Protein chains: 2
Amino acid sequence: MPRNALYAQSGGVTAVINVSAQAVIETARRHPERIGTVYAARNGIIGALTENLIDTAQEPDAAIAALRHTPAGAFGSCRYKLKGFDKNLAEYERLIEVFKAHDIGYFFYNGGGDSADTCLKVSQLGDKLGYPVQAIHIPKTMDNDLPLTDCCPGFGSVAKYTAVSIREAGFDVASMAASSTQVFILEVMGRHAGWTAAAGGLAAEREGDAPQVILFPEIVFDEDRFLAAVDRAVKTYGYCAIVASEGLRDANGRFLSEADTTDAFGHAQLGGLAPRLAQRIKTRLGYKYHYAIADYLMRAARHIAARTDVEQAYAVGRAAVELALTGASGVMVTIERQSDSPYRWTTGTAPLEQVANVERKLPRAFITADGFHITEACRRYLAPLIAGEDYPPYENGLPRYIRLKNVPVPPKTGRVFTIGTQT
Amino acid sequence: MPRNALYAQSGGVTAVINVSAQAVIETARRHPERIGTVYAARNGIIGALTENLIDTAQEPDAAIAALRHTPAGAFGSCRYKLKGFDKNLAEYERLIEVFKAHDIGYFFYNGGGDSADTCLKVSQLGDKLGYPVQAIHIPKTMDNDLPLTDCCPGFGSVAKYTAVSIREAGFDVASMAASSTQVFILEVMGRHAGWTAAAGGLAAEREGDAPQVILFPEIVFDEDRFLAAVDRAVKTYGYCAIVASEGLRDANGRFLSEADTTDAFGHAQLGGLAPRLAQRIKTRLGYKYHYAIADYLMRAARHIAARTDVEQAYAVGRAAVELALTGASGVMVTIERQSDSPYRWTTGTAPLEQVANVERKLPRAFITADGFHITEACRRYLAPLIAGEDYPPYENGLPRYIRLKNVPVPPKTGRVFTIGTQT
């Protein structure tokens, strides 16, 4: 007898997380003898807890195929992490109640480090509470900070966005520098890891190319050395293009971006990293600046997704279902690199115990000795991840992204469950 | 006897200004009997004044053709405006000295409103100082604020970038809103005119689509009404996506973005528009927010240029040379719209006296009654301008933008000329 599957999206969404959703649904549809309906939880694990399920069987094949070129989370994502079994047993009992009611035998959780922890706990429902579910984690994070996988789907497209953007902005500021802007700063997301900032370095293929300076969260910010590097670039090339990671910290471990508070006099101190850096450059070097803050634009930029990334996002979704069919549980699908050039990769697995809550930072060997750029080793690692274009279809000059019907599944538990608030 | 031409780029650069350069050079090369060498001034009029000229004849046809897909200013741009003849005669005499030395008979200036004023003055060199030069202005501005032309090359691509970006970010925040970010703000450039912000409105094709709120510089900012609109969107659609123009002003005419100064206690007040709006939303509505500041990324984004824009940038450059061959001077090439749908256009001309220093703002009829979105009339105007894609070639996952050799022309005047400082 086939059992049903539950798929859910978690954490910050990406340009290609829906490609993994597409792969899960398409692969499951090829195995009706083993997998019945693929339900999607609305807003990640929250939808599972509140019995807010979506019947993906109501979506025609063409709609599922269109997920390939649609960014963000088609079923909604969440920032909600299950506590330990001892701390909130009610949530686990509720999950089992919902899973039983809908005959869920497979759970596919598509997310990053926090989500891997939730997926691990679901995989333990059998041992701990007597309701076995095969739980497989499908990696996804623009931050590229999951361990045991060569890279994370979602990252390659952000990496491409960053490299393309700083190249374009670099051309811009270079042409303005003689009588106007000399310094440009691009602030990028990436939390505590410098992967996305490093990707900007790919744009610098030749002497003098943008970016000339990269600020990594792995390197303690030293204002004097930073300003010296900026000044050198302006004096040598006429301009300076900078990629700065939002996770940059000073010697006290304090985020440079974090002063969005009130000062001693009660005045609001707005800011963020880029304007702060810009102000120091203006004050101490006198250069005119511009800055951009990419924020969600970078992780949602399906229009400039990397083909490698799209292919890997599909591969991990398909592998998750195929692994489930072999009886696997409690694992994350991984990307394993076989060679840099030509780039060859395959999928593998890693035990969730070793994945959950571990953050992989940029290795020091990927950062140049001066701390302001990427090494050849880093370039070899990153280069294949941004390879290839994979444009969405356009209509009226705009990318045609799909919104699924998202038909709700009638609740069966007869019980309302209210979740706690988390941030 | 053929005379030489001088081409120069001025003001903020765009994704397609080099397409106009390509058109000028390619068209001139087809008329060797009338036009000798096309020189380019390095960094706009500054290069003309300092006799810093580039010999474009040294560039092979393939390099000139590659300008079609290369953003920013291939010869450097400037922010430098010629003063009146009575105020700085020395500059005009110097221009004539350089023009005479290099036998310049044609001057093509590629820029916005300020640049049109400079071009006008060059066109008057004959009447005022006895050295006739045919001066033709080639329109270029991402701000779309030039009068007498239906639109400005450079704007269509920025418009497309804005609409694509807010659509993508809208999908992102919609999928996060249940348990995380509910409001997203995209701050866009555009100076005192709301054209670029309006373009974001194209992404909202159906009820509930992003953006739900647009803030135009033409509409006085009213915090209470703005917050009510944001709150309504969040309550109705679960999230709110906002496009905000950098030129937004309050009832006192003060830019909302302009508090990058010190407060009464000497504390630096960083900021800018988007963080300021975000803070008000957080404080008064309690919604979690994210914001992006597009800045140069939007005007340099050749990777997502609109095909219409690329074609028009080429057309105005070609028309400028063809007009010069008919003896024209003191005019700007314009885009004239013949019909909205199907979109048909041609080039025309406008006298520079009527162009220089005039700023065309978004008509009130293009903004909805509540002041927060665009009307159908605006949509009809904007829609064809973002039509079509025109992707650059890629290599190693990155767009292959050209850097010309920019071979300097040996100086002939034997005189060094130092220009004044302007900002």
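The values are calculated or read from the model by the stated rules, or taken from the named source; none is laboratory data. No experiment lies behind these values; they were computed from the predicted model shown. Counting neighbours? That spans all protein chains shown, and the Cβs are built from the backbone with ideal geometry, glycine included. Heads up: the accessible areas ignore ligands, DNA and RNA and are worked out on the full protein's heavy atoms, side chains in. Shrake-Rupley method; radii C 1.70, N 1.55, O 1.52, S 1.80 Å.
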Average partner coverage of B:79-85, which counts Cβ from other chains inside 10 Å | 1
Put one equal scatterer on each alpha carbon of the protein assembly as shown, apply the Debye formula with no solvent term, and list log10 I(q)/I(0) at q = 0.08 1/Å to two decimals.
-> -0.70
Expressed as an acute angle from 0 to 90° and rounded to the nearest 10, what is the orientation of the C-alpha long axis of helix B:17-29 relative to the principal long axis of chain B?
-> 20
How high is the relative contact order of chain A, in percent, with contacts defined as C-alpha pairs under 8 Å that are six or more residues apart?
-> 23
Considering only the label points, 7 Å along Cα→Cβ from Cα, what distances in nm to one decimal separate A:ARG30 from the same position in each other copy, shortest first?
-> 5.2
Take peptide B:397-405, look around each residue's Cβ out to 10 angstrom, count Cβ atoms belonging to other protein chains, and average those counts.
-> 5
A chain fully extended from B:ARG344 to B:LYS412 at 0.36 nm per residue, minus the present Cα-Cα distance, gains in nm 19.9 nm
What does the charge dipole of region A:155-300 about its Cα centre add up to, to the nearest 20 debye, if the Cβ of each Lys and Arg holds +1 and the Cβ of each Asp and Glu holds -1?
-> 160
If you wrap chain B's Cα atoms in a convex hull and average its projection over all directions, what's the area in nm²?
-> 23.0
For B:GLU389, residues with placed amide H under 5 Å, excluding near neighbours = B:ARG307
Axis carrying B to A; for chain B the Cβ-nearest residue and its rounded Å distance come to B:ILE293, 2
Could you give the dipole magnitude of the protein assembly as shown about its Cα centre, charging the beta-carbon of Lys and Arg +1 and that of Asp and Glu -1, in debye to the nearest 20?
-> 120
If B:THR326, A:THR368, A:THR70 are ordered by their accessible area, calculated over protein heavy atoms with a 1.4 Å probe, which sequence runs from highest to lowest?
-> B:THR326, A:THR368, A:THR70
Name the most mobile residue of A:THR346, A:THR334, A:THR149, meaning the one with the largest mean-square fluctuation, in a Gaussian network model of chain A with Cα contacts below 10 Å.
-> A:THR346
Check: C-alpha center region B:61-80 vs C-alpha center region A:277-298, spacing in Å is 25
Protection-proxy order for peptides B:298-304, B:283-289, each taking the mean of Cβ atoms within 10 Å per residue, highest first = B:298-304, B:283-289
Please report, in debye to the nearest 20, how large the charge dipole of chain B is about its Cα centre when each Lys and Arg carries +1 at its beta carbon and each Asp and Glu carries -1 there.
-> 400
In sequence order, what are the phi-derived ³J(HN,Hα) couplings for region B:79-86 according to the Karplus relation 6.51 cos²θ - 1.76 cosθ + 1.60 with θ = phi - 60°, rounded to whole Hz, with x for glycine and proline?
-> 10, 7, 10, 5, 6, x, 4, 6
For the protein assembly as shown, what is the accessible area per residue in Å² when the probe is 1.4 Å?
-> 35
Taking Cα atoms, the helix B:223-237 axis meets the longest principal axis of chain B at an angle in degrees (rounded to 10) of 70
Cα centroid separation, region B:27-59 to region B:203-259 (Å) | 45
Among beta bridges that DSSP assigns inside region B:156-261, antiparallel share in %, nearest 5 | 10
Report, by chain and number, residues whose modeled amide H sits under 5 Å from the one on B:LYS288, excluding near sequence neighbours (fewer than 5 apart, same chain).
-> B:GLN182, B:VAL183
For peptide B:286-293, the mean count of other chain Cβ atoms within 10 Å per residue Cβ is 4
Projecting the Cα atoms of A:VAL407, A:ALA365, A:PHE184 onto the charge dipole of chain A, where Lys and Arg contribute +1 and Asp and Glu -1 at Cβ, the residue farthest towards the positive end is A:VAL407
Of all DSSP beta bridges in chain B, what percent run antiparallel (nearest 5)?
-> 35
Find the centroid of the Cα atoms in region B:89-144 and in region A:156-171, then give the distance between the two in whole Å.
-> 36
For region A:316-330, Karplus couplings with θ = phi - 60° (6.51, -1.76, 1.60), whole Hz, Gly/Pro x | 5, x, 5, 4, 4, 5, 5, 5, 4, 5, 8, x, 5, 7, x
Positive dipole terminus of region B:155-300, leading residue within B:TYR287, B:ALA198, B:PHE221 (C-beta point charges) | B:TYR287
So what J values fall out for region A:175-190 if you push phi through Karplus, 6.51 cos²θ - 1.76 cosθ + 1.60 with θ = phi - 60°, rounded to Hz, Gly and Pro as x?
-> 7, 9, 5, 4, 9, 8, 4, 10, 10, 10, 10, 10, 8, 10, 6, x
Go ahead and estimate [θ] at 222 nm for the protein assembly as shown from helices alone: -39,500 (n - 2.57) per DSSP H run with n ≥ 4, summed, over the residue count, rounded to 500.
-> -10000 deg cm²/dmol
What share of the DSSP beta bridges in the protein assembly as shown is antiparallel, in percent to the nearest 5?
-> 35
At most 12 other Cβ atoms within 10 Å and a DSSP loop assignment: could you name the trypsin sites (Lys or Arg not before Pro) in region A:50-123 that fit?
-> A:LYS87
State, to one decimal in nm and shortest first, how far the label point of A:PRO408 sits from each corresponding label point in the other identical copies (label point: 7 angstrom along Cα-to-Cβ).
-> 7.3
In this structure, the FRET efficiency calculated for B:ASP222 and B:ALA365 from their beta-carbon separation, with R0 = 22 Å, to the nearest 0.05, is 0.65
Note the distances from B:ALA57 to each other copy's matching label point, with points 7 Å along the Cα-to-beta-carbon direction, in nm, sorted shortest first.
-> 7.6
